[in-house]
Amino acid sequence: QLQLVESGGGLVQAGGPLRLSCAASGSILSITFMGWYRQAPGKHRELVGTCASGVSTNYADYVKGRFTISRDNAKNTVFLQMSTLKTEDTADYYCYADQSRRRYWGQGTQVTVSS
């Protein structure tokens, strides 16, 4: 079974950067898409962006130009580099991985952006 563990969350001032990591372990073969969602208090979980097993990425409009997703396939890790953070980016961030028509989720990491 595939396990995902996020790290890198914390408190950051508005305008600053933060990088999240998500390491996959266990049964890691045939992972196709990896990416990130987020969920702010009282809101639904929303897509941040996705990264295919190659290099193609897609982002939600509200993070485009500020967030970058990358993958290190050798280390089975996906990263979320966030820059120019806004208070509205405050949320729990969850990575996911798609494998054999099933989606796996990490436990989430909290990001708080202060004004």
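The values are calculated or read from the model by the stated rules, or taken from the named source; none is laboratory data. A quick note: this is a predicted structure, and the numbers were derived from the prediction, not measured. Neighbour counts are summed over all protein chains in view; Cβ atoms, including those assigned to glycine, are modelled from backbone coordinates with ideal geometry.
Would you mention how many residues in the stretch 93-109 are on the phi > 0 side of the Ramachandran plot and polar (S, T, N, Q)? Before the answer, list the steps.
Going through the stretch 93-109, the residues on the phi > 0 side of the Ramachandran plot turn out to be 100-101, 108.
Checking the rest, the ones that are also polar (S, T, N, Q) come to 100.
Of the residues in that region, 1 qualify.
Of the residues that sit in the stretch 54-73 and are among the polar types (S, T, N, Q) and surrounded by 15 or more Cβ atoms within 10 Å (Cβ to Cβ), which one is modelled with the highest pLDDT? Please lay out each step first, then the result.
Of all residues in the stretch 54-73, those among the polar types (S, T, N, Q) come to 56-58, 68, 70, 73.
Now restrict to residues that are surrounded by 15 or more Cβ atoms within 10 Å (Cβ to Cβ): 57, 68.
Working: THR57: 92, THR68: 96.
Filtering the stretch 54-73 for residues that are among the polar types (S, T, N, Q) and surrounded by 15 or more Cβ atoms within 10 Å (Cβ to Cβ), the one modelled with the highest pLDDT comes out as THR68.
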Q: Of all residues in the stretch 4-53, count the ones that are at pLDDT below 95 and not in a strand (DSSP E or B).
A: 8
Q) If you take the residues of the stretch 58-115 that are outside any loop (DSSP other than H, G, I, E, B) and basic (Lys, Arg), which of them is nearest to ARG19 (Cα to Cα)? A) ARG71
**Q.** Residue list for the stretch 74-115, filter: without any contact (Cβ under 8 Å) to a residue 24 or more places away in the chain and either in contact with a Leu (Cβ under 6 Å, 6 or more places away or on another chain) or surrounded by 12 or more Cβ atoms within 10 Å (Cβ to Cβ) (or both)
**A.** none
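Which of the following residues is under 16 Å from GLU6 (Cα atoms), in contact with a Lys or Arg (Cβ under 7 Å, 6 or more places away or on another chain) and aromatic (Phe, Trp, Tyr): TYR93, TYR104?
Details: TYR104 fails: in contact with a Lys or Arg (Cβ under 7 Å, 6 or more places away or on another chain).
Only one candidate qualifies: TYR93.
Matching residues to (1) over 19 Å from GLN99 (Cα atoms); (2) among the polar types (S, T, N, Q):
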site	(1), (2)
VAL12	yes, no
GLY15	yes, no
ARG19	yes, no
THR32	no, yes
GLY49	no, no
THR57	no, yes
VAL63	yes, no
ARG71	no, no
GLN81	yes, yes
